[in-house]
Amino acid sequence: MADNYIERQYEQYEARKAAWEKSRKTVRKKPAVQQPEHRAVLQNQVKKIVAVHDLSGVGRVSLTAVIPILSTMGFQVCPLPTAVLSTHTQYPEFSFLDLTEEMKKIIEKWEKLHIKFNTFYTGYLGSAQQAQIVQSFIQRFRRPTDLVVTDPVLGDNGHLYTGITEEMVREMRQLIRHADIITPNLTELFLLLDKPHQTSLSDAELKTYLKELSDAGPEIVIVTSVPVCDNPHMTSVYAYNRNGNRYWKVTCPYLPAHYPGTGDTFTSVITGALMQGDSLPIALDRATQFILQGIRATFGYEYNNLEGIMLEKVLPNLKMPIQISSYELLE
């Protein structure tokens, strides 16, 4: 009995040993790991805005206004700097580093990396050559669904800004042909149209000028800093949308103070609002109210106006609901 039991145990041991050795020689393929399907919501990346502006060390203008505003509104701002200045050009003295050659290098590297942008937003350009570079940049990078916003920074109060030449004005007339939206002030409107500057205009005259400028290329033309006839305490913004052939107007109180950079601030809010899905009149309301809030937050301080409006005090307001009450449709 004992011998038989031992023999059976030995046979079972040999069988287990043989099975174990066989399993070691057999390569078992692991089942393929099922990759989870990507949900559409996980593919929604933050939209990129390439901002072609200068960088001024002092003064809330250009990139020092554009980046915080559009970042607060939920967009990634990718700067393409046109120049580096100690201060903006309305200071009596400033240093100026021309980045024309560096712009070409940056664009070349972006192209090699196949970097894409959802919006092209251009502002202060340091030379007529830069306007040509930007025009080529937009033509090479732009996709059918991308937005192009141009703030034609040329002058104000009937005069060209320091350093802006007639050649630059001519190149800007070409650049706006590639834009979907342009935001000139009243001085820049007449410069782009090559017409004498005027300050006293009727709604009918402004509508004619807006349409004429839109016929040159941009679908939407927004003109700022329009004085209200017989009321120096008010100022207006006019807009024309060729898609629908509609004219809009927003009027707001005018405070007797000049703050550089309000044009950059206004266009930045317009750009962000439209990218968020706002209609044109609501975007106009949002931008106008934000400028007014910024001026009111700054106006009461003993303060050098050249530094611009105190954006830091009003940036959180960009995330708050607005009162949709200012705009009107012009018949």
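Suppose R0 equals 22 Å. What FRET efficiency, 1/(1 + (r/R0)^6) with r the Cβ-Cβ distance, do Ser95 and Thr165 give to the nearest 0.05?
Values: r = 19 Å, r/R0 = 0.89.
That gives a FRET efficiency of 0.70.
Suppose a student asked you for the relative contact order of the stretch 153-272, using Cα pairs under 8 Å spaced at least 6 residues apart; what percent would you report? Show your work: numbers first, answer last.
Details: 161 pairs, mean separation 23.8, N = 120.
Computed value for the stretch 153-272: 20 percent relative contact order.
Determine ³J(HN,Hα), in whole Hz, for all residues of the stretch 48-54 in sequence, where each value follows from phi through the Karplus function 6.51 cos²θ - 1.76 cosθ + 1.60 and θ = phi - 60°; x replaces Gly and Pro.
Values per residue, Gly and Pro as x: 9, 10, 8, 10, 9, 9, 7 Hz.
Per 0.36 nm of contour for each residue apart, how much would the distance between Lys48 and Thr145 grow if the chain were fully extended, relative to their Cα-Cα spacing?
Values: separation 97, 0.36 × 97 = 34.92 nm, distance 1.30 nm.
Roughly 33.6 nm would be gained on extension.
Could you list which residues have their amide H under 5 Å from that of Leu147, counting only those 5 or more apart in sequence or on another chain, with H placed in the peptide plane?
Thr119, Phe120
Report, to the nearest 10°, how far helix 2-25 tilts away from the longest principal axis of the Cα atoms in the chain, using its own Cα long axis and a range of 0 to 90°.
The angle comes out near 30 degrees.
Quick check: the angle from helix 203-214's long axis to the longest principal axis of the chain, C-alpha only, nearest 10 degrees?
50 degrees
Compute the relative contact order of the stretch 45-330 as a whole-number percentage, counting only Cα pairs closer than 8 Å that sit 6 or more residues apart in sequence.
Numbers: 532 pairs, mean separation 48.8, N = 286.
So the answer I get is 17 percent.
Return the FRET efficiency for the residue pair Val58, Ile106: r is the Cβ-Cβ distance, R0 is 25 Å, and the value is rounded to the nearest 0.05. Walk me through the numbers on the way to the answer.
Values: r = 24 Å, r/R0 = 0.96.
Once the sixth-power term is evaluated, E becomes 0.55.
Given 37 °C and 0.692 mPa s, compute D for the chain with the Stokes-Einstein relation, Rh being the Kirkwood radius over Cα pairs; round to the nearest whole µm²/s.
146 µm²/s
Taking 0.36 nm per residue of separation and subtracting the Cα-Cα distance, what length does fully extending Ala257 through Tyr301 add? If you can, show how the numbers build up before the last one.
Working: separation 44, 0.36 × 44 = 15.84 nm, distance 1.18 nm.
Net length gain for the segment: 14.7 nm.
Long-range amide H contacts for Cys78: which residues qualify at under 5 Å (H placed 1.01 Å from N, peptide plane, sequence gap of 5 or more or a different chain)?
Hits under the 5 Å cutoff: Ile49, Val50, Ala51.
Given the pairs Lys48/Lys313; Lys48/Lys104; Lys47/Lys319; Lys249/Lys313; Lys47/Lys249; Lys47/Lys112, which span a C-alpha to C-alpha distance of over 23 angstrom in this model?
The answer is Lys48/Lys313; Lys249/Lys313; Lys47/Lys249.
Could you tell me which of Ser62, Gly308, Phe141 has its Cα farthest along the dipole of the chain towards the positive end, charges placed at Cβ (Lys, Arg +1; Asp, Glu -1), taken about the Cα centre?
Farthest towards the positive end: Phe141.
Taking 30 Å as R0, compute the FRET efficiency from the Cβ-Cβ separation of Asp194 and Lys116 and round it to 0.05. Let's see the in-between values first.
Numbers: r = 35 Å, r/R0 = 1.18.
The pair Asp194/Lys116 has a calculated efficiency of 0.25.
Using the alpha-carbon atoms, what tilt in degrees (0 to 90, nearest 10) does helix 280-299 show relative to the longest principal axis of the chain?
Between the helix axis and the principal axis of the chain, the angle is about 70 degrees.
FYI, it's all coordinate maths here, none of it is from the lab. This is a predicted model, so every value here is computed, not measured. Note that each Cβ is placed from the backbone with ideal geometry, even for glycine, and that neighbours are counted across all protein chains shown.
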